[in-house]
Structures are given as structure tokens and as C-alpha cells.
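Just below is one structure, and these are the notes that go with it.
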Amino acid sequence: MSAQTTGGGSPRLAAGLNDLKARLRGHLLQPGDDEYEKARQVWNAMIDRRPAAIARCEGVGDVLDALAFARSHELLVAVRGGGHNVAGNAVVDDGLVIDLSPMKSVRVDPVRQVARAEPGLTWGELDRETQALGLAVTGGIQSTTGIAGFTLGGGFGYLARKHGLTCDNLLSADVVTADGRLITASAHEHPDLFWGLRGGGGNFGIVTSFELQLAPLGPILGGMLVYPLARAGAVLRFYREYIKAASDELFTIALFTTAPNAAHIPERLRGQRVLMLIICYAGKPEEGARAIQPLRAFGPPDADLVKVRPYREMQQLLDAANPAGRLNYWKSEFVTGYSDAAIETVVAFTARAPSPHSKTLFTQMQGAIARVGEHASAYSHRQAPFLININAMWTDPAESEAQIAWARDFWAAMQPFSAGGVYVNFLSNEGEDRVKAAYGEVAYARLAALKRAFDPDNVFRLNQNIAPAPIS
């Protein structure tokens, strides 16, 4: 029986929800319950949906019961981890949210340098446990991002050029499948599913546990070099030559944003459009200082906030600028680089962004990411040199049309510089063609066949969905 419809308010559903509530170790929330309003909210305030119920799962047993209930009552299923994804697929009108956010167990094996982590964790929570033992795995550039959807979509961050994507460090995953089985996927067990989990998103089941390879990591050299927007062109023309010889330890983001009103920012820059070169050197800090000296010397920057700091602190640097509760609309694309025309386009659109909260991230890729085979996992576009993420972010719903238009026009203007494709975790709800663009023809066909094998009824459809391949 497929879970494709909404629930309505039938007596049968009401009785079933009462039964499910009694069985769960966690809590079942329904409209009118004290915690319901908070539990249905996700990071992106553009998303405002009212589920029939939210099953806040405490363990695998709860996940199995909730999924079985949804299927028997033909309810649409949304799966929530950190609830941070911009598309808002973690919540659904009238359906059942299988909420994994209470599942926050983590166990770190310092000898094997492996973490076993549950899907409700955020990166800040996981980093706290791994860094206590001097270990880390590639995580997001915000500590508030959930580990689950991030990993399943690929996962890049400050350590990606040195240690690869998060999905490249996935050793195994426990998965609840659409037909209610709990299986383990790894290189040796269900290797086809394991391939799909590493980049294919939540299309194939509910991951209840991630086994992640860690690496030693002490304090890093990181922070940002800040320049007024008027200097951005000159800085980026220097930067594009500088990073051609950058080592894998160096990860950089060119961030176009509004400087905060903060003590560490020169007063003349506060509230102004700026370019911030975000730097993280995942090697010996003294080697990093030598490596970034040319950047520090060029100009020099109006503010140099790069210093030796704990990795956890680095992970939190952008948190304040990206809080929950703002309206967000994103457009993203892999791009070839910083040509003069690309630089001019980014600077021009930054200057006329209609919201002070909007930002654009131009992220350096490759390194260890590019040394994994193109079809070794579902994550594609490994040779792409850069990724641009255009983040329209605002607070007044009345401004939505203008904000979205800015992001779309900006993205359209960047198309001449496209390297082809898009990162699946940065997609809004943009349709099947854009999902296909995230994977390419070969990987998408394989993913569709895998979807047919593990979820032929498309139960797990509230994601960047890959429809099951037709039976030939």
C-alpha cells in the first residue's frame, strides 16, 4: 500500500493515532498539543505546513512503528533530521512527520577513529564529541545543520578538500526501508544501496545510524579576511591566481555579505556590503600561516580575523548570520571560476541585493573531492572547481516576490559561467530537471533503478525526488 494521500480527519485515523501514541517510546504530537507549533517549524520560515501528526522518535522501534502506521493509513511521509534544508521537505501538510531529531546518540571509538552517530544530531553536537578526542569528519559550515540530510546529499565543508565529502567518509548506515525492514548498507552489505546513500539523499529509506570515518584534527588556522565591496574585483583577480596552487589543507569561500555591527569589524565597514574570504587551513597552523601570507599581504585586508582557533569555533563562525526563522530562497550552480565577467556579475548583484541579510557564497571545491571516481558514489560533479550559492534571505513576507526575483535573475546571469549541474543539498523545489542536473544522466538512471528496487511505491518522495524507474 503506498503512502501517497493526505490523512483528513477520519475516525479510523483518530483511533489509529491514539494507538500509535500509546506504542511510541517518544511522543506523538497533534494539532493543539503544547509542543506541536514549535515541532512543525523548520529553519526556513518560508515553509509553513501543518502535519496531521509528528512522531518524535526515540529509537528504531519508533521509526518502524511510525512508518507502518503511515503506510497503513496512506499518509504522506516526511522525514525530519535537523530540519535545516532550504526546501523544507522535513514537514508536510496533513501527513505524518517522522521526526528523528530526538535521536542524538553518538559513540566515538578513538582507536578505530570511527563515530557511530544517530540522525538527530547537528554538526555542533557531533563535533563536540569527536573534538573532545582530537578527531573530526567533514561537516557543514554551520554548526546548526543536521548531519543526516547533509551526509546523504554529499556533504562538503571546511575539511572537504583535505578529507573528502562527508559521504566519502561514510563506512556504513543502518536503514529502515519502505517495506519496514532494518538493514545495514556498506561496501560489503547491500553495496548498491550504499552507493545510492552517498549522494542520493533520502530517497531510499530512513537512516537511523551513520558510521563515519574520523581523522585527527587539532586547532586550525581559520577565520576571515574582510574587504569593502569596492575592492572585491581586485581581490578576486589576485585570489583566482593564488588558489591555483593551493594545497588540499586550504579550504576557502568568497562570501559576499553585509558586515555585522560587531566589535571585531572596523566601524567604517559595519552595515556595508563586503567581501569576506573565509579561510580554514586543516593542517599545521604554522604551515597555514605561511600558506596564506600572500593573501594577507595583498591589499592588505581591512580586517584580518584569521587566527589559530578550535575547529568547533570555526564551525560556528557563520551561525549568527544564518539564524532560523528568516525567509530563504536559494539558487545554486557549479561554476568554472572567477573570470572577469563572473566577478563583475557577482559584485553587481551583491550591490543591489534587496535585503541586507542576503549573501552569496563562492566555494572552492576539488582537492580530495575530485580524487574519488565520478561514479564511485551517487554524488556527481566531482571535478567542478567552484560552487556558487545565492542565498536570498529576508524577514518580511511582503517582500518575497522581489527577493525571489533577485535570486533567480542573479542565477540566470551566472549561467554563462556554469560548469554544469547543481549540488542537491542546495536545491529549492525546482522540479525534476534540476534534480537530474544534480546527478547527470548515468548516475540518475542508476538511482532510478535503485529507487525501484527499494521504494517502488515512492513512499519517500518528500525530498529531491528520484522517481522509480519504470519496469521494462
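Annotations
- Scanning segment 294-314 for residues that are farther than 30 Å from Ala234 by Cβ, part of a helix (DSSP H, G or I) and not charged (D, E, K, R) gives a single hit, Tyr311.
- Unique match (being without any contact (Cβ under 8 Å) to a residue 24 or more places away in the chain and under 30 Å from Pro397 (Cβ atoms)) among Ala262, Ala297: Ala262
- Residue in segment 93-108 that is farthest from Leu135 (Cα to Cα), counting only those that are open to solvent by 10 Å² or more (accessible area, probe 1.4 Å) and in contact (Cβ under 8 Å) with a residue 40 or more places away in the chain: Asp94
The rows are residues; the columns are (1) modelled with pLDDT of 95 or more; (2) open to solvent by 30 Å² or more (accessible area, probe 1.4 Å).
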| position | (1), (2) |
| --- | --- |
| Phe386 | yes, no |
| Glu401 | yes, yes |
| Ala407 | yes, no |
| Ala412 | yes, yes |
| Asn429 | no, yes |
| Arg434 | yes, yes |
| Ala445 | yes, yes |
| Ala449 | yes, yes |
| Asp457 | yes, yes |
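- From the options Tyr281, Tyr239, residue that is closer than 26 Å to Glu344 by Cβ, modelled with pLDDT of 95 or more, touching a strand residue (DSSP E or B) at 6+ places or on another chain (Cβ under 9 Å) and buried (at least 22 other Cβ atoms within 10 Å of the Cβ): Tyr239
- Residue list for segment 69-83, restricted to those being modelled with pLDDT of 95 or more and either farther than 12 Å from Leu24 by Cβ or part of a loop (DSSP other than H, G, I, E, B) (or both): Ala70, Arg71, Ser72, His73, Glu74, Leu75, Leu76, Val77, Ala78, Val79, Arg80, Gly81
- Count of residues meeting criterion [of a type in the set (Phe, Trp, Tyr) and part of a loop (DSSP other than H, G, I, E, B)] in segment 193-225: 1
- For segment 110-143, the set of residues classified as polar (S, T, N, Q), open to solvent by 10 Å² or more (accessible area, probe 1.4 Å) and either within 21 Å of Ile369 (Cα to Cα) or within 14 Å of the chain's Cα centre (by Cα) (or both) consists of Gln113, Thr122, Gln142, Ser143, listed by residue number.
- Of residues in segment 292-325 being of a type in the set (D, E, K, R) and open to solvent by 50 Å² or more (accessible area, probe 1.4 Å), the one nearest to Pro216 (Cα to Cα): Arg312
- So Gly82, is it crowded, with 24+ Cβ neighbours inside 10 Å and either among the small types (Gly, Ala, Ser) or more than 14 Å from Ile206 (Cα to Cα) (or both): yes
- The condition of being within 28 Å of Ala370 (Cα to Cα), crowded, with 18+ Cβ neighbours inside 10 Å and without any contact (Cβ under 8 Å) to a residue 60 or more places away in the chain holds for only one of Leu269, Leu275, that being Leu275.
A quick yes/no check of all residues on (1) closer than 20 Å to Ala324 by Cα; (2) within 22 Å of the chain's Cα centre (by Cα); (3) part of a helix (DSSP H, G or I):
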site: Met393; (1), (2), (3): yes, yes, no
site: Ala402; (1), (2), (3): no, no, yes
site: Asp409; (1), (2), (3): no, no, yes
site: Asp433; (1), (2), (3): no, yes, yes
site: Leu447; (1), (2), (3): no, yes, yes
site: Leu450; (1), (2), (3): no, no, yes
site: Ala453; (1), (2), (3): no, no, yes
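- Residues of segment 85-107 that are closer than 17 Å to Gly205 by Cβ and small (Gly, Ala, Ser): Ala90 alone.
- For segment 176-186, the set of residues classified as in a loop (DSSP other than H, G, I, E, B), surrounded by fewer than 21 Cβ atoms within 10 Å (Cβ to Cβ) and in contact (Cβ under 8 Å) with a residue 12 or more places away in the chain consists of Thr177, Gly180, listed by residue number.
- Here Gln293 meets the list (1) of a type in the set (S, T, N, Q); (2) under 28 Å from the mean Cα position of the chain (by Cα); (3) more than 23 Å from Ser358 (Cα to Cα) almost entirely, failing just condition (2).
- Out of Gly153, Gly146, Gly180, Gly201, sole residue that is under 24 Å from the mean Cα position of the chain (by Cα) and on the phi > 0 side of the Ramachandran plot: Gly201
- Segment 149-164 - residue that is open to solvent by 10 Å² or more (accessible area, probe 1.4 Å) and either at pLDDT below 95 or touching a strand residue (DSSP E or B) at 6+ places or on another chain (Cβ under 8 Å) (or both) and, of those, nearest to Ala70 (Cα to Cα): Leu152
- Filter result (closer than 19 Å to Ile243 by Cβ, open to solvent by less than 40 Å² (accessible area, probe 1.4 Å) and aliphatic (A, V, I, L, M)) within segment 338-353: Ala342, Ile343, Val346, Val347
- Residue match in segment 165-175 (condition: in contact with a helix residue (DSSP H, G or I) (Cβ under 9 Å, 6 or more places away or on another chain), closer than 21 Å to Ile278 by Cα and open to solvent by less than 20 Å² (accessible area, probe 1.4 Å)): yes
The values are calculated or read from the model by the stated rules, or taken from the named source; none is laboratory data. None of the values given here were measured: they were computed from a predicted structure. With ideal geometry, Cβ positions are generated from the backbone for all residues, glycine too; neighbour counts draw on all protein chains shown. Accessible surface is based on the protein model in full, side chains and every heavy atom, while ligands, DNA and RNA are left aside. Shrake-Rupley method; radii C 1.70, N 1.55, O 1.52, S 1.80 Å.
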